[in-house]
1. Can we say A119 is buried (at least 21 other Cβ atoms within 10 Å of the Cβ), modelled with pLDDT of 95 or more, among the small types (G, A, S) and not assigned by TED's automatic domain parsing to the domain that holds M267?
2. Considering only strands (runs of 3 or more DSSP E) fully contained in the stretch 156-264, which possess at least 1 residues that are over 24 Å from the mean Cα position of the chain (by Cα)?
3. If I filter the stretch 1-30 down to residues being over 19 Å from the mean Cα position of the chain (by Cα) and charged (D, E, K, R), which single residue comes out as surrounded by the most Cβ atoms within 10 Å (Cβ to Cβ)?
4. Check whether at least one residue in the stretch 104-116 is over 16 Å from L370 (Cα atoms), in contact with a Leu (Cβ under 8 Å, 6 or more places away or on another chain) and not basic (K, R), and report yes or no.
5. Looking only at residues in the stretch 226-272 that are touching a Cys at 6+ places or on another chain (Cβ under 9 Å) and among the charged types (D, E, K, R), which one is nearest to E211 (Cα to Cα)?
6. For the stretch 1-32, give me each residue that is out of contact with any Cys (no Cβ under 9 Å at 6 or more places or on another chain) and of a type in the set (A, V, I, L, M, F, W, C).
7. Could you tell me which residue of the stretch 31-43 is surrounded by the fewest Cβ atoms within 10 Å (Cβ to Cβ), considering only residues that are of a type outside the set (A, V, I, L, M, F, W, C) and in contact with a strand residue (DSSP E or B) (Cβ under 7 Å, 6 or more places away or on another chain)?
8. For the structure I just gave you, tell me whether L60 is in contact (Cβ under 8 Å) with a residue 24 or more places away in the chain, in contact with a strand residue (DSSP E or B) (Cβ under 8 Å, 6 or more places away or on another chain) and surrounded by 22 or more Cβ atoms within 10 Å (Cβ to Cβ).
Amino acid sequence: MSSPDLKQMLAALIATPSVSCTDPALDQSNRGVIDQLAEWLTDLGFACEIMEVLPGKANLIATLGSGPGGLVLAGHTDTVPYDQGKWQHNPFRLTEADGCFFGLGTADMKGFFPIAIEAAREFLDTPLKAPLIILATCDEECSMSGARALVDAGRPAARFAVIGEPTSLKPLRMHKGVMMERIVIEGRSGHSSDPALGANALEAMNSVMNELLAFRGELQAKYRNPAFTVPVPTLNLGCIHGGDNPNRICPRCELQFDLRPLPGMVMDELRQQIRARLAPLAPRHNVSIALDPLFAGTPAMETDASSPLVLAAERLTGHTAGAAAFGTEAPYFRELGMDALIFGPGGIEQAHQPDEFIRLDSIRPTVDVLRGLIREFCL
């Protein structure tokens with residue numbers, strides 16, 4: 001039986017749900033996608049290893065050739081949840097219309113795998129001087145547990161990595177980090193007629209928010225990188241919950257915020273600075289204040305402009321490598337010692353929303369660029 005073509009592969013991946021979510025009711029396994037990719041790649045001659053990460057969650061390392069160095073074509077197999085009832089197309093059925101492929105994960109980023117496999121087909125019978133690795137990870141959308149597992153295992157050992165996130169066919173060599181943090185203030189309830197009866201967590205949180213906004217201003221005055229569309233680090237106060245009745249002193253308040261640092265800013269140092277600024281507020285308001293990360297965070301990433309991978313991608317695409325505000329798995333590949341680049345079909349503006357799509361006319365150029373990179377770094 002002949003192996004499926006690119007469209008058939010994409011249709012099969014879109015039809016295999018693999019939502020990852022912090023809500024356990026929505027979270028799903030990615031094993032269906034991993035097993036399908038492993039079957040196709042094994043049939044093509046890749047040596048496939050499935051790495052169990054969590055129950056129902058796995059990575060795939062598929063290797064063609066052997067030896068040191070080599071090129072990794074990497075992507076995540078999970079998608080975000082979808083807005084039920086807001087899609088004009090079935091999110092789990094690949095639909096071709098208006099010059100586009102529609103479906104959940106087409107751009108972000110199941111669509112990259114059939115394209116990477118199509119690029120690899122040209123080299124199946126060619127002796128490689130360095131290995132070609134197609135890598136698929138789990139849980140990028142909520143915890144980066146798949147990428148972290150690779151770092152913990154010290155694998156794969158390659159020289160270069162392309163992460164196929166949607167970049168509108170323009171290479172990116174750097175992106176901001178992502179931190180999502182939670183502040184919980186515990187006060188004491190009491191009747192609102194006498195403030196002395198309690199300790200108001202909402203009032204304390206007002207001071208906390210003012211301190212965070214002041215900190216944001218200081219960071220933006222200190223750090224700037226003109227390569228980014230938003231050239232400064234950002235801090236967004238995202239959601240707040242506290243109290244239960246207007247005539248009760250609020251005993252508890254929780255704030256969640258995100259901070260997006262530039263390359264060169266260290267997440268643990270930022271957390272230490274925030275804790276130090278908030279510490280004096282607790283005794284002032286007679287409350288406790290706790291800062292905890294909602295997840296470990298994704299570091300900012302930068303690959304040097306002189307990297308052979310960056311220069312090759314710029315030559316093949318005709319675009320100077322740029323920067324992105326969104327985070328990817330690239331810093332984990334940097335931690336493994338690889339030069340990393342983000343490049344893929346589709347645009348980030350199509351991701352995480354109803355009727356996600358990639359344009360058909362973006363597929364062949366992506367295949368051509370990946371083949372050029374394989375020739376450069378594996379032959």
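The values are calculated or read from the model by the stated rules, or taken from the named source; none is laboratory data. Computed from a predicted model, the values in this text were never measured in an experiment. In this analysis, Cβ positions are derived from the backbone assuming ideal geometry, glycine residues included, and neighbour counts consider all displayed protein chains.
1. yes
2. Answer list for the stretch 156-264: 179-186, 234-242, 252-260.
3. Here the residue is K7.
4. yes
5. E254
6. Within the stretch 1-32, M1, L6, M9, L10, A11, A12, L13, I14, A15, V19, A25, L26 qualify.
7. Checked the stretch 31-43; the qualifying residue surrounded by the fewest Cβ atoms within 10 Å (Cβ to Cβ) is T42.
8. Working: in contact (Cβ under 8 Å) with a residue 24 or more places away in the chain: yes; in contact with a strand residue (DSSP E or B) (Cβ under 8 Å, 6 or more places away or on another chain): yes; surrounded by 22 or more Cβ atoms within 10 Å (Cβ to Cβ): yes.
Criteria met by L60.
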